[in-house]
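Have a look at the structure below, then the notes.
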Amino acid sequence: MKRILLTAGALLAWSSCAAAGQTVTMPVEDYKAILERLDTLQNRVEQLETQKSSPSGKATSASMPNKLAQDVETIYDTLDVVETKTLKDRINLGAELRTRVDFYTAKNKAGFTETEHNDGQWSNRFRLNMDAEIKKNLLFTGRLAVYKNFADTDSNSFANDSNQVTSPGSSSVKLERAYVDWIPEGLPMPVAITMGRHPSTGGPPADLKENGMRQSTYPSLLFDGETDGMVATIGLERYLGWKSSGLRFAWGKAHQDDNDYVSYLDNSTGGMDDTNVFALFFESEIPGVRNSVMVLSALRVDDMNGNTAYFYDTNTPDIANLGDMDLYGVVVQANNFMDSGFDIFLSTGLNRTHPSGELVTVGAGAYGGVQAGLLNDDGTTSHTGWAVHTGFRYTIPYKPLNNPKLGFEYNHGSDYWFSFTSGSSDLYNKLATRGDAYDVYYIQPFNDNLFARVGYTFIDYDYNMSGMHMGDFGDQTEEELSNYYFMLDCRF
């Protein structure tokens, strides 16, 4: 009878987890091992009770209660191991912590004539990574992050939904990505549906400098920021014979106008149309080149809005739908090219505006009172911009230093270059530069979990207001930015 009660007690411990809303499973061998331990415990209990009831009492051992307690602890330890393994079987967790210090020198930045210095801007970035195989054809991936400067609780004035996580702010936790990949079965060709908050930061070739795996679907020169939407991917490898080839259709929201008081309604007056992004990507390994990737991109962004609240500090923000923009790009990347130890890449982009005729008035600041349209100051003039981004990373074959890496990158943007990279991990949005940017870095691994990176970035701006889509600030400038930095990155 007592054996039945002990066994029932163990089973109830697991059924209580299920009653709380979770179903816990365990391998058969672990279950059998626990039952065997319970049988052993039951036998010892019965033996102890028999000895205590003996008339002579000579068979009673004082060590029996201690031994019994040890056996109970062993069983609890076994239960802990099984429960922990069951949790890890359901969802995998990983973390990253980055501490960084930057030393900036800015000349004529944002129209100001003096040279400014920052002799030590310290920051911390923490990420919690999650993934789970819900079913064989249903996968979940997520990431929460906290990114802040030391002893700073203010939010960045230019922070919005596309760069909340990648811009230093308060110590609050923010959602960088959370999406599900569903691969329907029984279709004539392989198809994957992705829904949620996209993996749209850290795309190729950003993985080289970040010393990690590719993080995003989208090339970093064209799109680097957080966004919500849906993606459909069609696998083409069996038809083309090109490894990892596929066609990807993406839709996302860059801005959704809602009522601040009734969240399911649009603003009835003075609102803006929603900004939608439609994109088409073809991706493949470069034929004949191992460890390579090629991505061809075409994007249309409808109803780009102007909101001077995010442009300059104005008491009465001016808003308007400024027009549409097309964006095209090509990126090719090859890691360990021809077994040389070199990782190389080349990325190009082209943008073209379709203005709506509307303007906003930029109120305060160095350009107070000017009219601003979509890369114009008259509301109607269309412009074309372009950019190129290239570089390499070399792995030094020296095992005593854990094979460190040395990298160099260069990018150039024309006077009307614009892309959606406000969520870049570089605070100065290097790839939005209208001018020339030079970047050199050295990566020193200490072990599989910890590495350091030291680097220098110099940007020579040819035109004002890089990264802004409102206004025609095409006047040439002497603006410059240089930055030395050091960081430690721990991943586990």
Exercise. Between a first residue in the stretch 142-160 that is aliphatic (A, V, I, L, M) and a second residue that is modelled with pLDDT of 90 or more and surrounded by 15 or more Cβ atoms within 10 Å (Cβ to Cβ), which pairs have beta carbons less than 6 Å apart while being 6 or more apart in sequence or on different chains?
Worked result: LEU144/LEU128; ALA145/ARG127; ALA145/GLU176; VAL146/PHE126
Exercise. Taking the condition farther than 20 Å from SER347 by Cβ, touching a helix residue (DSSP H, G or I) at 6+ places or on another chain (Cβ under 9 Å) and in contact (Cβ under 8 Å) with a residue 60 or more places away in the chain, does THR477 pass?
Worked result: yes
For this session: Considering each residue of the stretch 388-412, count those that are more than 15 Å from LEU346 (Cβ to Cβ) and part of a strand (DSSP E or B), and give that number.
Result: 4
Seminar exercise, completed: Condition set in contact with a helix residue (DSSP H, G or I) (Cβ under 8 Å, 6 or more places away or on another chain), surrounded by fewer than 21 Cβ atoms within 10 Å (Cβ to Cβ) and part of a strand (DSSP E or B), scope the stretch 338-381, selection modelled with the lowest pLDDT: answer is THR361
Exercise. Residues in the stretch 271-281 that are buried (at least 17 other Cβ atoms within 10 Å of the Cβ), within 27 Å of the chain's Cα centre (by Cα) and not β-branched (Val, Ile, Thr): how many?
Worked result: 3
For this session: Identify, from the list THR384, THR395, the residue that is modelled with pLDDT of 95 or more and under 22 Å from ARG491 (Cβ atoms).
Result: THR395
Exercise. Hey, ASP154 hits all of (1) within 18 Å of the chain's Cα centre (by Cα); (2) of a type in the set (Asp, Glu); (3) at pLDDT below 90 but one; which does it fall short on?
Worked result: (1)
Exercise. Hey, ASN315 hits all of (1) farther than 19 Å from ASN464 by Cβ; (2) among the polar types (S, T, N, Q); (3) at pLDDT 90 or above but one; which does it fall short on?
Worked result: (3)
Problem set entry | Residue list for the stretch 224-261, restricted to those being part of a loop (DSSP other than H, G, I, E, B), surrounded by fewer than 19 Cβ atoms within 10 Å (Cβ to Cβ) and modelled with pLDDT under 90 | GLN256, ASP257, ASP258, ASN259, ASP260, TYR261
For this session: Would you check which residues across the stretch 414-442 are touching a Leu at 6+ places or on another chain (Cβ under 8 Å) and touching a residue at least 40 places away in the same chain (Cβ under 8 Å) and list them?
Result: TYR416, PHE418, SER419, PHE420, THR421, SER424, TYR428, LEU431, TYR441
For this session: Check the stretch 445-454 and report whether any residue there is crowded, with 20+ Cβ neighbours inside 10 Å and without any contact (Cβ under 8 Å) to a residue 60 or more places away in the chain.
Result: no
For this session: Sort out which residues of the stretch 437-492 are of a type outside the set (Asp, Glu), more than 21 Å from the chain's Cα centre (by Cα), closer than 19 Å to ASP102 by Cβ and not in a strand (DSSP E or B), and write them in order of number.
Result: SER466
Exercise. Given the structure, is GLY385 more than 24 Å from the chain's Cα centre (by Cα), in a strand (DSSP E or B) and within 30 Å of TYR104 (Cβ to Cβ)?
Worked result: yes
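The values are calculated or read from the model by the stated rules, or taken from the named source; none is laboratory data. Note that the coordinates shown come from a computational prediction; the quantities given were computed from them, not determined experimentally. Glycine gets a Cβ as well: all are built from the backbone with ideal geometry, and neighbour counts include every protein chain shown.
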